[in-house]
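Reviewing the structure listed below.
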């Protein structure tokens, strides 16, 4: 975790460098940023909604995507300059020849495993996952039905790692069904599944709506230090607008500090983009403080976990071979902020 005082110093430095007086005297530089609507990308939402980008002379144009592959497709067409998505799609895109690099971390984890009252009872009796799922199958006369995202999603990888690598759970005791983010939330609330890997803020929402549900552990428990969302930039954007890229990385650092130090203030801006009018700021604040997600900035914190993540994805069949990580991370911009 980045030292708090260091991040605070960084925030002050960025704030003074991007004073409004000079910014509005120049033309705004357009920055087209794609994102998948998950809480791990909250630094981007804060930068956009709080107005820091315009103060820095930047005109952000945010484009929402429902999945990493669709965002990568748009990036490859040249219609985006940056992306806020999971690290795996960026690694795959780079391995396939797309000129894109990770320039900042954004979040670790982002989801939690939520269990029904019945499944939670099995875990209350048996702390060991294999024993708990076996107990459930025996007492209920069926496998536990678990919902998660389609193959390749970070919550899905975390679930597989926990079940098979850590818990040594028998596949005779578990049935996994893949569905979209909103569908996972609805399935958990409707009681049509016994457990699910639920992304924030959906995890906070389902726990508030049904107090009988329990979050048993987080994605970071299921796969230690599992990387979540990253900020990536194209080589073309770096070449044409290096100053804009440096400013964006600085603003991401400043936003990360705000989220960590003042989640109540950050929640208002995150809710404006992620809430869709259906989630109030108090709920979003609780989601920002959830143990399921850790907001980070230092790119070096996720290099080793990313290698481990990609290697495990080969084990579960997401890739035939792991995408190489050489050249994937470009810490020059974040290093300037952290003054290494």
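See the values below:
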item: Sorted by Cβ neighbour density within 10 Å, fewest at the top, the residues 35, 312; result: 312, 35
item: Percent RCO, i.e. relative contact order, over the range 111-222, from Cα pairs under 8 Å lying at least 6 residues apart; result: 43 percent
item: Computed FRET value (nearest 0.05) for residue 28 with residue 289, which takes r as the C-beta separation and R₀ as 41 Å; result: 0.75
item: Euclidean distance of C-alpha centroids, the range 129-152 and the range 87-125, integer Å; result: 20 Å
item: Förster-model FRET efficiency, 35 Å R0, residue 127 and residue 264, C-beta, rounded to 0.05; result: 0.50
item: Computed FRET value (nearest 0.05) for residue 308 with residue 76, which takes r as the C-beta separation and R₀ as 25 Å; result: 0.40
item: Anisotropy class of the range 82-167 from Cα gyration tensor, a/c 1.5 cut; result: prolate
item: Beta bridge orientation in the chain: antiparallel %, DSSP, nearest 5; result: 55 percent
item: Sorted by Cβ density within 10 Å, fewest first, the residues 326, 257, 117, 246; result: 326, 117, 246, 257
item: Tensor-based shape of the range 191-340 (alpha-carbon gyration tensor, a/c under 1.5 rounded, otherwise prolate or oblate); result: oblate
item: The chain - mean residue ellipticity at 222 nm from DSSP helices (-39,500 (n - 2.57) per run, n ≥ 4, rounded to 500); result: -13500 deg cm²/dmol
item: Principal axis dimensions, largest first and in whole angstrom, of the chain by Cα; result: 70, 43, 34
item: Three-way shape label, the range 260-340, alpha-carbon gyration tensor, a/c 1.5; result: oblate
item: Computed label-point distance, nm, for sites residue 192 and residue 138 using a 7 Å Cα→Cβ extension; result: 3.1 nm
item: Computed P(r) (all Cα pairs; the range 111-222; 5 Å bins; percent); result: 2, 14, 26, 28, 20, 9, 1
item: Relative contact order of the chain, defined on C-alpha pairs under 8 angstrom at six or more residues apart (%); result: 27 percent
item: Footprinting exposure proxy for 199, 189 (fewest neighbouring C-beta atoms within 10 Å first); result: 189, 199
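Computed from the coordinates by the stated procedures, all read-outs in this text should not be read as laboratory data. Here the structure is a predicted model, which means the values were calculated and not measured. When we count neighbours, we look across all protein chains shown, and the Cβ atoms used for this are built from the backbone with ideal geometry, even at glycine.
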